[in-house]
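These notes are about the structure you will find just below.
The values are calculated or read from the model by the stated rules, or taken from the named source; none is laboratory data. Note that the coordinates shown come from a computational prediction; the quantities given were computed from them, not determined experimentally. Here the Cβ is made from the backbone with ideal geometry for all residues, glycine too, and neighbour counts use every protein chain on show.
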Amino acid sequence: MENQIRHVAIIMDGNGRWAKKQNKPRTAGHYQGSENVRNIAIAANEMGIEVLTLYAFSTENWKREKNEVDYLMKLPSVFFSRFLKELMEKNIRICMIGEMDRFPKATADILTEAIEQTKDNTGMILNFAMNYGGRREILLAAKHYAEDVKNGKINNDLDEEKFEHYLMTSEFPSLDLMIRTSGEIRISNFLLWQVAYAELVFVDEAWPDFTPEIFKKTIEEFKRRDRRFGGVK
Ligand code: IPE
Ligand code: IPE
Ligand code: MG
């Protein structure tokens, strides 16, 4: 029997290299990348995926040059002004993991509004990881748990299932598949806890060239994989 697929995560890498190849500024790659978010989200929704988590900005991406960071902070506004209506029509719900507090106010407002407007949609969840880092997520969860114990809210009897309630992904099904585009074979601090038993697929295409057709092939490959979770079949 083929594997069921509920939650897919993508490390959308390679926008900068894509732009460089065409003698364009890195920001042009990010613009093209945001257009591809729309294409892949629609395809994922059609395939019946429940949650698509996209790595859009890491806690380490603040290291980049100011003009690139500024542009990336403007992208949510560019993206939602172009596509929110269509996502709404497709019954897609927008969510976010990561911390909004470091964003410029306009960026935080746009994201909050998209989340609010789509909160009753019952189709696929399009979940953006923004100012997200896997280590930071685990650290915050540990702090939060410690506070709850200190305040007498819960007993100090933590297990994996209880700990997951403190993660930013607590409301989502467990991760089935993680894809990274653009040829790099690393996780770059994405969903470190959740990736434990996810299947991994690395593709050579840069994110703007990662078409719905390639995406569908990746999903087909996932469905054929032998998932054992440490057991024996
Ligand atoms: C991914 O593309 C987008 C973000 C990290 C925001 P990159 O900007 O990392 O592109 P490359 O890896 O430099 O080609
Ligand atoms: C990972 O890509 C982060 C996002 C796609 C948002 P990076 O381009 O930042 O990762 P490294 O630097 O190659 O590890
Ligand atoms: Mg990169």
Seminar exercise, completed: Counting only residues that are touching a Ser or Thr at 6+ places or on another chain (Cβ under 7 Å) and outside any helix (DSSP H, G or I), the range 205-233 contains a total of 3
Problem set entry | Boolean, PHE190 is in a loop (DSSP other than H, G, I, E, B) and either closer than 30 Å to THR27 by Cβ or in contact with a His (Cβ under 9 Å, 6 or more places away or on another chain) (or both) | yes
Problem set entry | Qualifying positions in the range 196-225 - farther than 23 Å from GLY33 by Cα and crowded, with 16+ Cβ neighbours inside 10 Å | ALA198, GLU199, PHE222
Problem set entry | So LYS21, is it out of contact with any Phe, Trp or Tyr (no Cβ under 7 Å at 6 or more places or on another chain) and away from ligand 1 (no atom under 11 Å from the Cβ) | no
Problem set entry | Filter result (under 25 Å from LEU192 (Cα atoms) and of a type outside the set (Val, Ile, Thr)) within the range 80-107 | ARG93, CYS95, MET96, GLY98, GLU99, MET100, ASP101, ARG102, PHE103
Exercise. Is at least one residue of the range 169-183 in contact (Cβ under 8 Å) with a residue 60 or more places away in the chain and farther than 23 Å from CYS95 by Cβ?
Worked result: yes
Seminar exercise, completed: GLU65 vs (1) within 16 Å of ligand 3 (Cβ to nearest atom); (2) under 20 Å from the mean Cα position of the chain (by Cα): all pass except (2)
Problem set entry | Filter result for LEU87 (without any contact (Cβ under 8 Å) to a residue 60 or more places away in the chain and farther than 18 Å from GLY14 by Cα) | yes
Exercise. Does TRP18 fit the bill of being crowded, with 20+ Cβ neighbours inside 10 Å and not hydroxyl-bearing (Ser, Thr, Tyr)?
Worked result: yes
Exercise. Looking at SER188, SER182, which is the one that is within 13 Å of ligand 1 (Cβ to nearest atom) and surrounded by fewer than 17 Cβ atoms within 10 Å (Cβ to Cβ)?
Worked result: SER188
For this session: Report whether or not GLU164 is modelled with pLDDT of 95 or more, surrounded by fewer than 17 Cβ atoms within 10 Å (Cβ to Cβ) and touching a Phe, Trp or Tyr at 6+ places or on another chain (Cβ under 8 Å).
Result: yes
For this session: Please list, ordered by first then second residue, the pairs with beta carbon atoms under 7 Å, 6 or more apart or interchain, first in the range 47-70 and more than 9 Å from ligand 2 (Cβ to nearest atom), second polar (S, T, N, Q) and in a strand (DSSP E or B).
Result: VAL51/ASN127; LEU52/ASN127; THR53/ASN127; THR59/ASN131
